[in-house]
Structure formats: C-alpha cells, structure tokens
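Novice: Please find one structure pasted underneath; my questions will follow.
The values are calculated or read from the model by the stated rules, or taken from the named source; none is laboratory data. These figures come from a predicted structure and were not determined experimentally. Glycine gets a Cβ as well: all are built from the backbone with ideal geometry, and neighbour counts include every protein chain shown. Side chains are part of the model used for accessible areas, which takes the heavy atoms of the whole protein and leaves out ligands, DNA and RNA. Shrake-Rupley method; radii C 1.70, N 1.55, O 1.52, S 1.80 Å.
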Amino acid sequence: MTDLDERIASALREHAEGAVDIDRLTAGAVTGGRRRLRRRRAVLGGGLALVALLGGLAVVPGLPGVDRPFTGPAGPAASAGAAPPLMRAAPGAAAAPEVVGTDAGVLHFGVDTTRVRYLSWEASPGRETVGLDVGDGRKVTVELARSSQTLRDASAEGVPFEVAALAEEAAFDGRTSTLTVDGMPIQVRQWRPVPGLYARASVSAQQDTALTVAAEALRLTEARRCGAPARVTTVPDGARVASCRVNVTGFPRLVTARFGIARADNHQMSVSYQYAAEISPQTVDRNMTIGGRPAHLYSAQDRIELLGVPKSRLLADYGWPEQGFDKLDAALVLGGVRVAPDPTRPETWD
C-alpha cells in the first residue's frame, strides 16, 4: 500500500462503519479504467502495483540466480525489511522448475536480502513474482514461469500489457528490450535460467543498473512460504488456495496480504489481511462467533470479519459468482487462518 492508499484508508475510516478493505476498494476503481491505470502505473517505480527491472541492449552471458551471475555494478546494501520464511523441505526452482506456479503457498526462489529488499511477493497459477527495492527508489519486478506462454498471456500486477507481448519463445535470450509506454521508458529482460524455466524482469528506467542488481540477487536454490504473516490453513471441500499476494512496502508499520480461494466450478472467495500500526479502533460489534471467537457478518456485502486480531483486519468476501460460497464456508476459512504473533517481527512468521 502506498502513502496515498494509507491516507485514503484513514479518511474513509473516519466517516464509515466497519473496516475498509483497500484491496477491494482499489479493485473496484480499477474496473472502470483498467487499461489506462495499468499503463500509467507501469511507471513501475512508485506505487503498490508498479513494476520492475532492466535496461540496456546487451546480451547477458550468465544464468542469474544459479551459477554465473550478471557482471555489473554492485547494488547498495538493502535496509532491514521483511522476507517470506524459508521452506527447507521444498525444492528451489533450479532443481525442480516443473513445480513453479503449482502451489500458491510456495515461492520456489528467493533473493539475497543483503543486496535487495522485498516489497511484495506473489504465487499464482503458473507464475511466481517478487517486487524488489534495489536501493535506487525504483520497484523491480521479477517473474518466473514454466512457459513463455504463461508470461505472454498476462503480466504481474502493474506491469503494462506491452511487456507481456514481448514473451515470444525466441525472445528469452537474455537481451534487454526497451519499450515506451505513455512516454515512459520500460526496460524488459527475458531469459531462461535453467531448462524448463522462464524469467522476466522489468523496470521503468533509462538504464539497467537496477536490473543487474536484482538479477544477481536471485536465489533459485531455495524455497519460501508465500503466506506470511497470515496463512490460510483450512478451506471448504473441493476448494484450494489458488493465489497468494503479500505486500510489505510499508513494513514494519503496514503489511497486507490477500488469498484467493477457488473451486473447479469457478466459484471464488477472497481472504484479506491488513496489519497497520495506526489502524482505527474497532467500529463494529460481534454478531456471530467463529470457533468461540467474535466475528461480524456484513450480510449485505457477503463478508465476514474476524474480530479481536490486534491492530489488524481479517476478512473473507464470499458469494461470487452467484453465491458460490456461503457464510459457513467463509467462517471455516477464517477460523483456520493463522496470524503471526508479531507481524513486525518476521522471525515469528513461521
């Protein structure tokens, strides 16, 4: 969440009942002007959803994150931040590229946090993504997938459509391409770190210094858990956690997470978590319980909020499309969400 998002949330809470779901509010605004907004936000350096990494026009000789890193200037030391917890039992993308994008609970790669800082991470069907701060004020986005078609079909949140159009099979040769989107330069590099794995990095910049730093920081020999500091552990029969997205741009004062729950019949439920150091006091009363814990049902919105989570909001939005899930399903999911005892201390996120 950007500073602007935070100010909007604060203002709305002063004049409205209940919690303000910034992700849902933003999604509604985007619906009316998605293409224009995404193209503008492809300036990739300042907003929650903006993008990420690259420059130049030279062929890169190595396999970033595996053995031979990019040769280039060293990046600035990263400031302390949050990182998804290590999963030592899960394979990294270098050893098992076929598992990338198959489990929304796992990122099959990480980064060297002495060189870069996590701003966000996401696992979705077929693709895994991180947003990185390399120390120059720009957000670098790195995406991994098992096929070039996956990257061609769509881009990460905030990446302009024009970037996806570059994802032809032959284009994954390590070169940098330069695009101009609404007058802004977008640098894009695509390569194959190991057989069976496709990587794309992008940033809004004139030069590729940020890309070089981010690519060198990739670690494809490790795996990390996506869900942190909140994790969904229980879903209705026949459902699965289909996506996980965490934003730590404002850490330690602000952390948000969103999980998509899906069934084969295309029914969907969204679970959102928000920790904010200055969050407004609770403004709704209990009208139901979940496992003995207080909760509030917003029946008109097909939403349930689990109450009593310190400095946090934890909500489930259900019933889309056509009442696919119901309040009992939402209560089941919320009752199984695990929240770290201290969202400001990543060592407690396991």
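Novice: Any residue in the range 328-344 that is part of a strand (DSSP E or B) and open to solvent by 20 Å² or more (accessible area, probe 1.4 Å)?
Specialist: Yes, the range 328-344 has at least one match.
Novice: With the requirement that a residue be among the β-branched types (Val, Ile, Thr) and modelled with pLDDT under 90, what does the range 192-232 give you?
Specialist: THR209, THR212, VAL213
Novice: Moving to a separate point now. Suppose the filter is in contact (Cβ under 8 Å) with a residue 60 or more places away in the chain, part of a strand (DSSP E or B) and of a type in the set (A, V, I, L, M); does VAL188 pass it?
Specialist: Taking the combined requirement at face value, the residue satisfies it.
Novice: Any idea which of (1) under 19 Å from TRP121 (Cβ atoms); (2) out of contact with any Ser or Thr (no Cβ under 7 Å at 6 or more places or on another chain); (3) not in a loop (DSSP other than H, G, I, E, B); (4) not hydrophobic (A, V, I, L, M, F, W, C) is the one TYR275 doesn't satisfy?
Specialist: Evaluating TYR275 over (1) under 19 Å from TRP121 (Cβ atoms); (2) out of contact with any Ser or Thr (no Cβ under 7 Å at 6 or more places or on another chain); (3) not in a loop (DSSP other than H, G, I, E, B); (4) not hydrophobic (A, V, I, L, M, F, W, C) leaves (2) as the failure.
Novice: State whether one or more residues within the range 108-121 are among the hydroxyl-bearing types (Ser, Thr, Tyr) and surrounded by fewer than 17 Cβ atoms within 10 Å (Cβ to Cβ).
Specialist: yes
Novice: Just one of (1) free of Cβ contacts under 8 Å to residues at least 24 places away in the same chain; (2) of a type in the set (D, E, K, R); (3) under 21 Å from ALA104 (Cα atoms) trips up ASP265, so point out which.
Specialist: Exception for ASP265: condition (1).
Novice: Then there is this: Quick check on this structure: which one of VAL248, VAL284 is touching a strand residue (DSSP E or B) at 6+ places or on another chain (Cβ under 6 Å) and surrounded by fewer than 21 Cβ atoms within 10 Å (Cβ to Cβ)?
Specialist: Being touching a strand residue (DSSP E or B) at 6+ places or on another chain (Cβ under 6 Å) and surrounded by fewer than 21 Cβ atoms within 10 Å (Cβ to Cβ) holds for just one of VAL248, VAL284, which is VAL284.
Novice: Search the range 134-147 for residues being at pLDDT 95 or above and surrounded by fewer than 22 Cβ atoms within 10 Å (Cβ to Cβ), and hand back the single one that is nearest to ALA239 (Cα to Cα).
Specialist: ARG146
Novice: Here is a further query. Hey, could you check the range 239-254 for residues that are over 14 Å from the mean Cα position of the chain (by Cα) and of a type in the set (D, E, K, R) and say which is nearest to LEU132 (Cα to Cα)?
Specialist: ARG253
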